[in-house]
């Protein structure tokens, strides 16, 4: 099908919602690539990440934002500010909630601040039976006028995503193709790699460490002759005890983090990777605004 420039739809879509409702999973599934770190823990995403889905008739540009929550500290405030600013900058808001805490106090607080035309996405419908979905939708009464459409999906099962994509296209304006067809994110490779490493820390260390861990790539050296990229990265934590957990007994945990990250990075970059990881203690880094900005969180 040839592209008709008069009918080509494009625009920026802010993905907002509480922590851990599946925003990153939805964006990754629609884009078809991992553009944002995912785990079963809240606040995995720490800044706006651009994911781009280009097809013959449209270009959907997603701003995947941190979960909006009550901010208590420099890093949390940067995250919430990032999410709020993304909502104001976009053509369309995709407000994501889930069946487990549907329209709770956190949801309603976010809804008060949404002024941009919005679509409500109810995620994780695979967790309830179909017979329970209709009564759930009845609870939308009173806020339904805020939304152009209300769409139930399961991002994990990729159920309802086609309907969601068609809806997003339908509500975007006609416009130009902002990015080349092959581009699926605007994030530099260094940041992208750092996020993949941090995701493995989140997944493998469970509740012990993740919220006080950050990753910064120090070296990213390509060697085309040998078809290999040498990457050296620091994992920063706030406490010596956290450092011990990430390193693990005989270095086993750090080896596993590195191994899992390397396999995924190789798959995405399409080349062999030599990955070196170091764990460093940086006291109270989550309150150090200069360091937070250096990491790119909240920008």
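Every number in this text was worked out from the coordinates using simple rules, so none of it is lab data. Source: prediction; values computed, not measured. All Cβ positions, even for glycine, are placed from backbone atoms using ideal geometry, and neighbour counts span all protein chains on display.
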### Message
For a quick check: sort 120, 253, 94 by the number of other beta carbons within 10 angstrom, fewest at the front.
### Response
253, 120, 94
### Message
Of all beta bridges DSSP finds with both residues in region 189-295, what is the antiparallel percent, to the nearest 5?
### Response
45
### Summary
Taking 140, 281, 121, 237 and counting other beta carbon atoms within 10 angstrom, the fewest-first order is 281, 140, 237, 121
### Task
Just rank 274, 179, 202, fewest to most, by other beta-carbon atoms within 10 angstrom.
274, 179, 202
### Per-selection Rg to Rh, region 189-295 - Cα, Kirkwood hydrodynamic radius
0.97
